[in-house]
Structures are given as structure tokens and as C-alpha cells.
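Worksheet for the structure shown next.
The values are calculated or read from the model by the stated rules, or taken from the named source; none is laboratory data. Quantities reported herein were computed from a predicted structural model and do not represent experimental measurements. With ideal geometry, Cβ positions are generated from the backbone for all residues, glycine too; neighbour counts draw on all protein chains shown. Protein only, heavy atoms only, side chains kept; ligands, DNA and RNA dropped before computing areas. Shrake-Rupley method; radii C 1.70, N 1.55, O 1.52, S 1.80 Å.
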Amino acid sequence: MCFSENGGSSFWFMTAANDACKVAEYFQKKLRQELDWETRVTTVEELGNAPFTVYVTEQKVGDLVLVPPRSCHQVVNSGGLAMKTSWSRMTLNNLDKALHCELPIYRRVCRPEQYRVKTVLYRSILQLTEELQKALDTEVASQTDGHDDVLMFPNDNDLADGMNNNPALSGLVGYRSPNSESPPHTSPFSESTAKLTERARKLKRLVQLFDEVLHEEFSTKHAEMKHVVLSDSSAGWTLAPGITGTDARGAGPSPAAGGKLILQPPVDHRERQEEERERSRNESHTFACDFCGADLFQSFFECKHCREPGAGVQPEVGDGLLICPGCYVEGRSCVCGQLEPVQCRSFDTLLLERNAAAEVLSRALPPEDHIEPLHGR
């Protein structure tokens, strides 16, 4: 709490995280309200009669209140106006809970999604992959460039017998002969390696969650769908830049006007993928299902007939009536029924980013913890 009038305070009523289902059931059956609509101010008597524990604390100026994930809470100000600073954090465990617990509830009650959980997951993978890649490259460089005269061995069992008996190696830092009484060797990078491993395990969990999202968003016909993020080079042969000479109408290059029509071949497949990958990273979309309010991370259905743009506006992908896949399979549609499947970006771009993370993990984790690459069919 930052400020309050006349020494006022706030009373927080909170429930335990594992009581979330009991609270929802109590609101539906006893209070005849939907908990996640957040339209009901619960009285003290109703909270006192609830079949679960309600924790109460008083917050004054300078107090910080931490609300556990999935904790149902209500705040009542007392003694005057109060000003608070709220900080909503999305941790790795919270991402897991949001995907498996909260998003299904939001869809059921048609509550608009605020935090765009799948997008947070996707951007977290991009960020953590880049950080881990740089950290690994830095560690490799420090071990090679900065310690050229150091020979590092994990343990004595990795040394060949001939090397153990070679007196020429006795002067190397990090070498210990079988009869040596020097203390065991410890790598100067042990602390850094521990941090890298911890970061890598977080990235692995993110990739595992992202695999669930990819499974939901995948379609065998993804290559045929329209994309919101378009590639200039995806159309094939294009007109080479820098052409001079126009026809009499100024409509463009014309052989009769002395100009030349020069076609350049399609961009290489890998180069096109990198281009689409860069576009996907730089562009952001905030599409939402027009029925349930779910954030449309990748796949959706669009009807451009039931919602037309204003006069003089050129319609683009995403301007029509939008329905999420979940609503579509439940039978929800538009009036005319002419829905068309659309994806925000090429599905291969998501696979590329996901497999890039898996490749970085293969450098940071032991083989038994590696994640196999995915391939779209």
C-alpha cells in the first residue's frame, strides 16, 4: 500500500490455492454466482459459512501482500481512500497452472484473456533460448581463449594410461598423477555451469509446455492456410529492383520504352524460413475469439462476410469475425457459415523456434535430458 486517508487500511480475504475448486463450487451451488466473472462482493457472513478456510490480513501503508497462485481473494478498504501498487508475475509454475487450469475456465465462462498465456510462453522460450545460447558460447570462449595453458579433466578415470605415466604432463595445471597428494581439481566454471543447468531445465519445461500448445494448434493442412504474417519472398519469382524505363502511361517497365523486365528466382527455402522467423518475432497480434474471448495465438477461423470493414478500408487477414478452434469444434459458427481457417504465422516458424531451443538444450544438458526435434507433416 502506497497511501491511505486518515490512517485507513485494507482487509484481504484469501483462500488456499488447493481450495480453488471448492470455492468455485460454493459460489455456483450456494451463492448462485460464477466465481470467475468477479461480479459478486461476498459478505463476511458468507465467507464465514464457507466450507473452506478463509485467511484474513490487514494491510496498512508500506505493507506488501503476496497472493498465492489460484488463491481466490477479495479486498475491502476501511477508513478512507487507499492507493496500492499491484505487480502481477507470471512464473514457470504459474504458466503451467494457467495452461491446464485457468484457460479452460476462462473459455467456459467466456471471460476475455488478459495475460495472453501462450504468447508469454512463446516469448519466454525465445528469450531464454537466446540467453542460454550466449551463455554457452561465452563459457566455451572463456575455456578456450582465456585458459589456453589449462588442461581440464572431469576426473582421473578419463585419463589414458599412457597420459598418467607421462612425466611431461606433470607440470600442467589441472593434471594430477595417480600418486599425487594434491587436493582434487575443481573447475573454475562449476558455479557458472550450475546456473546454466538450472536455466536449461527451466527452458526444457517451457519447451514441454509449448509442445502441448503446438499439438493443439497443428493442422495437417497448415501449409495451405492463409497467414497474418506474410513473407514478401514466399510468392516465388519476383521483379528485380532497379529497373528503368516505363511505358507511355507510366504503368511500369516496358520493353517498348527501353526498359527491361528482369525476373529473379525464388528465395532459397532456408532464407525464406529465416525471413518469416524474423517477421514473426517482430510483429505482434492481439486477436481474440469473438465468442469466448480466448487469445488467438496461432490458429483460428475467420469469416469476412459477417463482419465487413468500413467503406474505403482494404480488408486484411484478421479483420473479419474470428472464432477459436475450441468454439468451432463445439459447434459455434457465424451466420453464413463461410468460416475459413487462418494461422497467425507459418507453423514451420514455430517448429523452427522450438527446435532451436531443443538444440541449445542438447549443449547444456546430459543426453538423457535431451528433447527430440519436431517435424511438421
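Residues of the stretch 84-139 that are of a type in the set (Phe, Trp, Tyr) and more than 30 Å from SER4 (Cα to Cα): TYR106, TYR122. Considered as a group, the residues in the stretch 3-23 that are in contact (Cβ under 8 Å) with a residue 60 or more places away in the chain and out of contact with any strand residue (DSSP E or B) (no Cβ under 8 Å at 6 or more places or on another chain) include one that is least open to solvent (accessible area, probe 1.4 Å), and that residue is ALA20.
Can you tell me which residues in the stretch 30-58 are open to solvent by less than 80 Å² (accessible area, probe 1.4 Å) and within 34 Å of the chain's Cα centre (by Cα)? Those that are open to solvent by less than 80 Å² (accessible area, probe 1.4 Å) and within 34 Å of the chain's Cα centre (by Cα): GLN33, GLU34, LEU35, ASP36, ARG40, VAL54. Can you confirm whether GLY62 is out of contact with any strand residue (DSSP E or B) (no Cβ under 7 Å at 6 or more places or on another chain) and without any contact (Cβ under 8 Å) to a residue 12 or more places away in the chain? Here the answer is no, as GLY62 does not meet what is asked. Filtered by the rule that a residue be at pLDDT below 85, assigned to a loop (DSSP other than H, G, I, E, B) and of a type outside the set (Ser, Thr, Tyr), the stretch 185-218 gives HIS185, PRO188, PHE189.
Residue count for the stretch 75-89 satisfying the condition of being open to solvent by less than 100 Å² (accessible area, probe 1.4 Å) and either part of a strand (DSSP E or B) or of a type in the set (A, V, I, L, M) (or both): 5.
The set of residues in the stretch 90-122 that are outside any loop (DSSP other than H, G, I, E, B), open to solvent by less than 80 Å² (accessible area, probe 1.4 Å) and free of Cβ contacts under 8 Å to residues at least 60 places away in the same chain comprises ASN94, LYS97, ALA98, GLU102, PRO104, VAL120. Here the strands (runs of 3 or more DSSP E) wholly within the stretch 288-377 that include at least 3 residues being of a type outside the set (Lys, Arg), closer than 19 Å to HIS222 by Cβ and in contact with a Lys or Arg (Cβ under 9 Å, 6 or more places away or on another chain) are 340-343.
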